[in-house]
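The values are calculated or read from the model by the stated rules, or taken from the named source; none is laboratory data. Here the structure is a predicted model, which means the values were calculated and not measured. When we count neighbours, we look across all protein chains shown, and the Cβ atoms used for this are built from the backbone with ideal geometry, even at glycine.
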Amino acid sequence: MLDICGTKPGRKLIKALASKVTKITIQPGRTSQARWGRLNSSGGGWLLEIAIELSENHSYYGMTNIKVVHEKSIASTLFHELIHVLHALDDENIYEGGSSIRKNMIEHMTNLEEMCTITGFCYDIFRKRRPLKYVDILSESAFLIAKNQPGRIAHRNPNTVLIADAKPLEELPQDLITPYCDWLEAEIQQRLNIPKSLYGDIESLLKFLDENPYAGRSIPPSFWDSEEFALRAITNTELLEFIPPKFLSNTDFIKKAVQRNWLIAFIDSPLLSQKEHVLSILNLLSPTIRKNLYDKLGPELQQDTHVQSAAGISKLKQ
């Protein structure tokens, strides 16, 4: 633990955990992992248990001016597991479900949670309209660089995955921050921008967007001239936020779109204040979804008997 507290990232991490975790138990394990839970059912403090693999031959892929294989210390493994716990205790639930998310992924990362833990980059944090906090970007790589070791570029260790141009580390360059940040920025940009080589191949472009939905912001404006492209794009729920306003004020488009992805019915639109539009959409939805859409409507429409009937809502008591 002294190894961790001897660095600024380590002190920031321990301070953040100290406000949430009551007890930390660390023990040897076959694999490194963290477990946590409430001390009691009434919502007491958190109990944390970490198992650390003590293998002497543990290593990782790092980035200097080249990709290298570097020895991994027990301290960095512990720091990694503690970051997972910090994410699990996050009050904003930014990382909820991250271990099962595999979209917008940097290559050689297992899932979103591991990518955020290793690199400190989380798309959803950078999209929030609030000042960035130091704990938002805490990562295993920040700790490694603070210890004068290369930042990590893959979740799997060199025994389980092969990076073609990686080499054994011979001499550590003085600057470890610049090459790592350059690598990370390049990886992120590759997933936020549609390759121009896909512009002429709609099938491949839509597949790329399915794997990297945040790249929806880089869809060329001319593509949205096609209603068919828009209808195909919105089947990917994560692309809904990129739909141009002209489609959201088009009743015919919304009716077609709802049949492909019912969530389109819930996007804020001037049409949700128009009775005839609402009635036509309600008729396309399942009973449960109709009630959810009804709850989103304004008071005037909610009190309309035709809307109530279409939504399956009992007549309001006088």
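Sub-8 Å Cβ pairs linking a first residue in the stretch 207-223 that is among the hydroxyl-bearing types (Ser, Thr, Tyr) to a second residue that is in a loop (DSSP other than H, G, I, E, B), at least 6 apart or interchain, are 214/104; 218/193; 218/194, ordered by first then second residue. Cβ-Cβ contacts under 8 Å between residues 6 or more apart (or on different chains), taken from a first residue in the stretch 165-176 that is loosely packed, with under 10 Cβ neighbours inside 10 Å to a second residue that is β-branched (Val, Ile, Thr) and at pLDDT 75 or above, are listed as 165/66; 168/68; 168/69. Being over 16 Å from residue 32 (Cα atoms), under 13 Å from the mean Cα position of the chain (by Cα), in a helix (DSSP H, G or I) and among the aliphatic types (A, V, I, L, M) narrows it down to one of 94, 145, 125, so name that one. None of the other options fit; the residue is 125. Apart from one condition, residue 318 fits all of (1) assigned to a loop (DSSP other than H, G, I, E, B); (2) modelled with pLDDT of 90 or more; the exception is (2). Residues in the stretch 177-198 that are aliphatic (A, V, I, L, M) and within 22 Å of residue 223 (Cβ to Cβ): 192, 194, 198.
Consider the stretch 117-131. How many of its residues are modelled with pLDDT of 90 or more and either more than 16 Å from residue 212 (Cβ to Cβ) or among the hydroxyl-bearing types (Ser, Thr, Tyr) (or both)? Total satisfying the criteria: 4. Residues of the stretch 31-77 that are more than 15 Å from residue 157 (Cα to Cα), at pLDDT 65 or above and in a loop (DSSP other than H, G, I, E, B): 64, 65, 66. Can residue 188 be described as in a helix (DSSP H, G or I) and not assigned by TED's automatic domain parsing to the domain that holds residue 99? In short, yes. Which of the residues spanning the stretch 191-223 are exposed (fewer than 15 other Cβ atoms within 10 Å of the Cβ) and basic (Lys, Arg)? Residues satisfying the conditions are 196, 207, 217.
Within the stretch 118-143, restricting attention to residues that are of a type outside the set (A, V, I, L, M, F, W, C) and under 18 Å from residue 8 (Cα atoms), the residue that is surrounded by the fewest Cβ atoms within 10 Å (Cβ to Cβ) is 133. Whenever a residue of the stretch 108-122 is closer than 15 Å to residue 77 by Cα, its partners that are among the basic types (Lys, Arg) and outside any loop (DSSP other than H, G, I, E, B), lying with C-beta atoms within less than 8 angstrom and at least six residues away or across chains, give the pairs 118/152; 119/152. One residue alone among 279, 285, 301, 239 is in contact with a helix residue (DSSP H, G or I) (Cβ under 8 Å, 6 or more places away or on another chain) and assigned to a loop (DSSP other than H, G, I, E, B), and that residue is 285.
Before we move on, is residue 235 out of contact with any strand residue (DSSP E or B) (no Cβ under 9 Å at 6 or more places or on another chain), within 29 Å of residue 101 (Cα to Cα) and of a type outside the set (A, V, I, L, M, F, W, C)? Criteria met by residue 235. Screening residue 134 against (1) under 26 Å from residue 217 (Cα atoms); (2) at pLDDT below 85 leaves a single unmet condition, (1). Candidates in the stretch 224-281 are the residues that are free of Cβ contacts under 8 Å to residues at least 60 places away in the same chain and in contact with a Pro (Cβ under 7 Å, 6 or more places away or on another chain); of these, the one that is surrounded by the most Cβ atoms within 10 Å (Cβ to Cβ) is 239.
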